[in-house]
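Structure, as structure tokens:
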Amino acid sequence: MITISKKKLFQDYGIFMIFLTGMFLALLVITLLSRKSWIEGLKKQVATVLEETYPGKYTVGDYVSFNSALNVSASCYHLNSSLTAGTLPESYVLIIRIMTIYGPMPAVYICNKNGSVDFIGFTCISRDMSDQIKSVSMNSTIQYWKLRIRYMLLNSEFGKSQRGY
């Protein structure tokens, strides 16, 4: 019968925990370093959809952080007007991953603090395909997310801090 000493068992456990901690730290560093490029990539996708829908009317501004469970699958940016060369009053553009009949797709919404939310389109696909998915999903998924985004903006810490209380 083979017996393993407690000292050897603790050494093996210690080596394993050091390795595991190192892996978690490496993942954390990689995630933190790639966050800025991820945000910029999403910003470019949002800008592409806005330019296809409203040519020359809007530009995408700075990233806006918000406290919500949707923060993992959504990004929010200030919406700037190209015509007035400034930020529109309390207007934002949000990209969020929603489920469609073709699987999860990144959808772009324009949001105002007065409660209006408008669906713009889907990124990474042609405008014609986006319109087809929109017509199939209009009464279900897109409407659900319009209401969900409105609730999130009005009731999250993001919405409260932007309204001044």
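So, by mean Cβ neighbours within 10 angstrom, what's the order for 36-45, 113-122 with the highest one leading?
Details: 36-45: 13.3, 113-122: 16.1.
Going from most to least packed, we get 113-122, 36-45.
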Inset, instruction - For each of Thr53, Thr141, count neighbouring Cβ atoms within 10 Å of the residue's Cβ, then give the residues from fewest to most. - result: Thr53, Thr141
Inset, instruction - Report the paramagnetic label zone for Glu90: residues of the stretch 110-128 whose backbone N is under 14 Å from a point 7 Å from Cα along the Cα-to-Cβ axis. - result: 111-117
Inset, instruction - Quote to one decimal, in nm, the extra length available between Ile18 and Met129 on full extension: 0.36 nm per residue of separation minus the C-alpha distance between them. - result: 35.0 nm
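Values quoted throughout were computed directly from the atomic coordinates according to the rules given, and no laboratory measurement underlies them. As the structure is a prediction and not an experimental result, all values here were calculated from the model. Cβ sites come from the backbone with ideal geometry, for glycine too, and all protein chains shown count toward neighbours.
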